[in-house]
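Derivation of every value follows stated rules applied to the coordinates shown; laboratory data play no part. Everything numeric in this text was worked out from a predicted model, so none of it was measured. Glycine gets a Cβ as well: all are built from the backbone with ideal geometry, and neighbour counts include every protein chain shown.
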Amino acid sequence: MSPCEKAALICDKAQYNEATFIEKLQLMYHLYRCKRCAKHSKKNGELTSLCNKARLQVLSENDKVSMKEKLKS
Amino acid sequence: MIPNTLNPETWVDQYADYLFNYAVSRVSDIEIAKDLVQDTFIAGLKSAKNFKGDASERTWLIAILKRKVIDYYRKINSNKGKAEVRMSYSSQTDAEGDWLEEKVADPNSVLENDSLENEELGEAIQECISKLPKKQALVFTMKTIQGVSTEEICNELNINPSNLWVMIHRSRTALMECLNQKWFNV
């Protein structure tokens with residue numbers, strides 16, 4: 001795994017609060033040196049805030065199953 | 001150009017969430033929104049023979065849903081008097097000031113614009129999700145929208161965490177591409 005791939009993985013995990021403290025430090029160090037990853041990381045963070053802002057809703061699996069059944073009949 | 005075709009058996013998986021978000025933002029009631037989505041699918045199935053293939057499946061379904069939303073509002077307003085806007089001022093008898101002035105929308109309020117923009121944003125995101133490969137869309141939705149834990153998703157879909165993160169990465173990158181520049185500041 002290249003340093004950039006590793007940074008991308010940590011960055012994705014961080015979007016779901018699943019990156020450890022050490023990982024975050026490693027990420028920050030990499031972003032400081034790699035502008036391309038820094039840009040990607042910033043955009044990734046924005047995607048997270050956009051998703052939160054949109055307050056998306058989804059149908060439950062049960063709802064979908066019952067919809068499919070009604071369509072069959 | 002190859003004409004678009006309809007695949008009703010994939011409708012629920014591919015478009016139900018997209019249509020549902022559209023409906024919820026317009027009728028503000030989850031149960032009614034569900035019914036409208038269901039009605040849309042049924043109407044789509046019934047009029048499938050009229051589908052010419054000019055538009056994409058999604059565009060065609062959303063057009064049907066739009067009609068369903070309008071019909072819904074017609075129906076609830078059909079009894080005379082129900083369409084009236086009622087406001088009571090007497091509840092605040094000790095209020096001072098001009099009643100009409102107080103009812104006027106606050107020109108400095110940004111709430112209305114915000115909620116409109118969020119609706120649009122929600123639809124844009126949902127549209128982009130529906131363009132993802134099916135499994136990626138599922139993993140992304142479970143993780144990001146439903147907030148299911150990594151472990152649970154892995155168990156349910158029988159994948160390992162590194163598969164999961166690869167799919168999350170691909171879907172996030174695709175979404176960043178797909179979501180028009182206007183949503184991003186960088």
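Compute the length gained on full extension between A:Y32 and A:E18: take 0.36 nm times their separation in residues and subtract their Cα-Cα distance, giving the result in nm to one decimal.
The A:Y32-A:E18 span can extend by a further 2.9 nm.
Can you tell me the FRET efficiency between B:R74 and B:V148 if r is taken as the Cβ-Cβ distance and R0 is 41 Å, rounded to the nearest 0.05?
Between B:R74 and B:V148 the formula returns 0.60.
Once you've got the Cα coordinates, tell me which of A:K42/B:K135; A:K43/B:K66; A:K39/A:K64; B:K75/B:K182; A:K42/B:K131; A:K24/A:K64 are over 31 Å apart.
Table pairs above 31 Å Cα-Cα are A:K43/B:K66; A:K39/A:K64; B:K75/B:K182; A:K24/A:K64.
Need the full-extension length gain, B:N163 to B:D29, defined as separation in residues times 0.36 nm minus the C-alpha distance. One decimal, nm.
Here the answer is 44.6 nm.
Using a 10 Å cut-off around each Cβ of peptide A:43-51, what is the average number of partner chain Cβ atoms that fall inside?
6
Quick one: 3J(HN,Hα) in Hz for the stretch B:14-20, Karplus 6.51/-1.76/1.60 with θ = phi - 60°, rounded, Gly and Pro as x.
7, 10, 4, 5, 4, 5, 4
Per residue of B:40-50, what is the mean number of Cβ atoms on other protein chains within 10 angstrom of that residue's Cβ?
Average neighbour count from other chains, rounded to a whole number: 1.
Apply the Karplus parameterisation 6.51 cos²θ - 1.76 cosθ + 1.60, with θ equal to phi minus 60°, to every residue of the stretch B:6-13 and state each ³J(HN,Hα) to the nearest whole Hz, in sequence, with x for glycine and proline.
3J(HN,Hα) across the stretch B:6-13, in whole Hz: 9, 10, x, 5, 9, 4, 4, 5.
Just to check I understand the Karplus step: with θ = phi - 60° and J = 6.51 cos²θ - 1.76 cosθ + 1.60, what whole-Hz values come out for the stretch A:59-71, glycine and proline as x?
Running phi through 6.51 cos²θ - 1.76 cosθ + 1.60 with θ = phi - 60° gives 7, 6, 4, 4, 4, 5, 4, 5, 4, 4, 5, 5, 6 Hz.
Between B:K135 and B:N180, with labels modelled 7 Å along Cα→Cβ, what's the label distance in nm to one decimal, could you check?
The answer from the label model is 3.3 nm.
When the chain is fully extended, how far beyond the present Cα-Cα distance does A:K72 get from A:M1, taking 0.36 nm per residue of separation?
Net length gain for the segment: 20.9 nm.
Can you list the residues, at least 5 places off or on another chain, whose amide H is less than 5 Å from the amide H of A:Q57, using H built in the peptide plane?
Sorted by chain and number, the residues that satisfy this come to none at all.
Taking each residue in B:11-19, count the Cβ atoms of any other chain within 10 Å of its Cβ, then average. What number comes out?
The per-residue average across the peptide is 3.
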